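Enquirer: Dropping a structure here in structure tokens format, bear with me for questions.
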Amino acid sequence: MQISPQQTRIGWIGTGVMGRSMCGHLVDAGYQVTLFNRTQEKAAPLVERGARWADSPRDVAAASDVVISIVGYPNDVHEVILGDDGALAGCPSGGVIVDMTTSRPSLAVEIAERAASRGVVSIDAPVSGGDVGARNATLSIMIGGDSGTVAALEPIWKTLGSKWILQGGPGAGQHTKMVNQTLIATGMIGVCEALLYGYKAGLDLEKVLESVASGAAGSWSLSNYGPRMIANNFDPGFFVAHFIKDMGIALQEARRMGLALPGLALAEQLYQAVAAQGHARKGTHSLLLALAQMSNVDWVART
């Protein structure tokens with residue numbers, strides 16, 4: 001398989017917070033893109049830039065050589081790929097399906113098996129980097145599937161991210177993303193608690209970030225979400241509701257493997273509190289709001 005803008009037709013399913021930027025990079029690179037999104041209006045800006053609209057995932061696949069999906073939940077993945085009107089139903093033999101949603105490893109294996117029975121290759125390739133990584137094409141892409149196909153898709157990986165690594169067979173990309181989400185979950189607790197402490201101590205939080213972000217305490221979450229929290233900007237780079245979904249998958253897999261992950265379990269419970277307080281559609285850094293409420297701190301009042 002030779003991948004290039006001149007000869008490869010791309011299908012795209014899902015134009016949410018990250019998907020719209022990712023699809024836009026492929027459009028800008030010159031690929032012929034056919035897309036579908038559950039809410040058509042959200043895809044309109046991409047259509048205005050040259051993408052073609054299709055009425056279903058099946059129609060997307062019928063017009064594409066490589067179909068890429070990034071949607072919300074595992075049931076959404078099942079519907080847009082394996083449903084009666086899903087991508088696999090319209091994908092010709094020799095086609096490729098790439099699911100970049102964070103989803104269940106077992107579902108990635110099921111999709112790969114069902115795709116193979118139709119002469120189609122399925123790759124699971126979840127990403128990390130949030131809205132910033134999607135906009136800047138600096139995503140880290142964690143890949144599971146056929147090594148030859150993954151290598152052939154390098155022009156697409158290069159258009160979307162700054163790092164892409166084959167982790168193993170079907171499902172391995174999703175397992176790696178669970179490692180990623182476990183790291184983020186407990187790390188975000190530390191970021192939010194630290195800033196809350198600095199606020200309560202009366203420190204200038206921008207100066208605090210300048211001191212700590214480049215040292216041993218530095219992290220991607222601190223550098224990218226710290227300034228947003230200080231500015232009271234809790235718009236989603238990644239939805240709380242989706243993060244709860246991810247942690248649930250990781251905890252389910254941990255139970256299956258007989259692992260005790262108490263830190264992850266604590267983070268999941270704290271994020272359940274974030275959602276219960278009405279912040280499910282805010283960014284993951286809105287954990288700060290839940291922790292502030294626990295200590296009766298009015299974070300917004302600081303400005």
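Enquirer: Which residues, counting only those in the stretch 235-258, are hydrophobic (A, V, I, L, M, F, W, C), surrounded by 17 or more Cβ atoms within 10 Å (Cβ to Cβ) and not in a helix (DSSP H, G or I)?
Expert: Correct list: F238, F239.
Enquirer: Sort through M178, M188 and tell me the only one that's touching a residue at least 60 places away in the same chain (Cβ under 8 Å), within 20 Å of I123 (Cβ to Cβ) and out of contact with any Lys or Arg (no Cβ under 6 Å at 6 or more places or on another chain).
Expert: Matching residue, one of M178, M188: M178.
Enquirer: Of all residues in the stretch 39-70, which are among the charged types (D, E, K, R), over 12 Å from C91 (Cβ atoms) and in contact (Cβ under 8 Å) with a residue 12 or more places away in the chain?
Expert: Answer for the stretch 39-70, where residues must be among the charged types (D, E, K, R), over 12 Å from C91 (Cβ atoms) and in contact (Cβ under 8 Å) with a residue 12 or more places away in the chain: K42, R49, R52, D55.
Enquirer: Sticking with this structure for a sec: Hey, any hits in the stretch 166-173 for a residue that's buried (at least 23 other Cβ atoms within 10 Å of the Cβ), closer than 16 Å to D246 by Cβ, at pLDDT below 95 and not hydroxyl-bearing (S, T, Y)?
Expert: Among the residues of the stretch 166-173, not one is buried (at least 23 other Cβ atoms within 10 Å of the Cβ), closer than 16 Å to D246 by Cβ, at pLDDT below 95 and not hydroxyl-bearing (S, T, Y), which makes the answer no.
Enquirer: So in the stretch 183-195, with the set limited to residues that are surrounded by 20 or more Cβ atoms within 10 Å (Cβ to Cβ) and not small (G, A, S), which one is nearest to D28 (Cα to Cα)?
Expert: Restricting to residues being surrounded by 20 or more Cβ atoms within 10 Å (Cβ to Cβ) and not small (G, A, S), the top hit is I184.
Enquirer: Being surrounded by 15 or more Cβ atoms within 10 Å (Cβ to Cβ), more than 23 Å from I249 (Cα to Cα) and not aliphatic (A, V, I, L, M) is the filter here; which residues of the stretch 264-302 pass it?
Expert: W299
Enquirer: Sticking with this structure for a sec: Can you tell me which residues in the stretch 1-18 are of a type outside the set (A, V, I, L, M, F, W, C) and touching an Asp or Glu at 6+ places or on another chain (Cβ under 7 Å)?
Expert: Selection gives T8, R9.
The values are calculated or read from the model by the stated rules, or taken from the named source; none is laboratory data. Being a predicted model, the structure only gives us computed values, none of them experimental. When we count neighbours, we look across all protein chains shown, and the Cβ atoms used for this are built from the backbone with ideal geometry, even at glycine.
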